[in-house]
Amino acid sequence: MRRQGERAARAFTDAVQPLAHPYTICGTVVHGQHLGRTVGMPTANLDADISALALPCGVYATLTRLGGALYPGVTNVGRRPSVDSSPIITVETHLLDFSRDIYGETLHTEVRGYIRPVHKFAGLAEVQAQVQKDIARAREFFVRFAAELASQIRDA
């Protein structure tokens, strides 16, 4: 089942990559459980219309628009099996190198690349270690993305 979900997520990001506009999740930042903040990786929890999401559950490299600026990040779309057993699908974005209070702000989070499926970890320490790996993968993705974009601009 996990492999099928992973294939679906990869197929989704491959399908939307050539589109003129990236797949975007819009929502207002709301308070969550504040668990990410306790281990040094705060997330913006989006109050997004989950029923309208066509995006398969997983962890993604994202660009988030806020106040006219773009911020790279890592976004989890799905359940949070490591912290609770709730069946609710959530959208949580960790913005890289960002530390402002943005509760109540509207974010437009563009899905740019698939990182991995949602996993259950034994505790927050394991979650934190995995998120650090996800952040490293997202940074690598955005270095490649910037190089590809620069190449496209040169060739235009």
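Only the coordinates and a few stated rules stand behind these numbers; no lab work does. Here the structure is a predicted model, which is why all the values come from computation and not from measurement. Positions of Cβ are generated from backbone atoms using ideal geometry, with glycine treated the same way; all protein chains shown enter the neighbour counts.
In terms of its C-alpha gyration tensor, the range 97-156 has an oblate overall shape, because the principal axis ratio a/c (a ≥ b ≥ c, square roots of the eigenvalues) is not below 1.5 and a/b does not outweigh b/c. Using the Cβ of Ala61 as centre and a radius below 12 Å, the other residues enclosed give a net charge of +2, where K and R count +1 and D and E count -1. Working from label points 7 Å from Cα in the Cα-to-Cβ sense, the Ala136 to Thr28 distance is 3.9 nm. Full extension of the segment from Leu70 to Lys120, taken as 0.36 nm per residue of separation minus the current Cα-Cα distance, would add 15.0 nm.
Taking amide H as placed 1.01 Å from N in the peptide plane, Leu66 has its amide H under 5 Å from the amide H of Tyr71, each at least 5 places away in sequence or on another chain. Averaged over residues, the count of other Cβ atoms within 10 Å places the peptides 107-117, 22-32, 40-50, 141-151 in the sequence 107-117, 40-50, 22-32, 141-151, highest first.
All C-alpha pair distances within the range 48-156, sorted into 10 Å bins from zero, spread as 13, 41, 35, 9, 2 percent across the bins.
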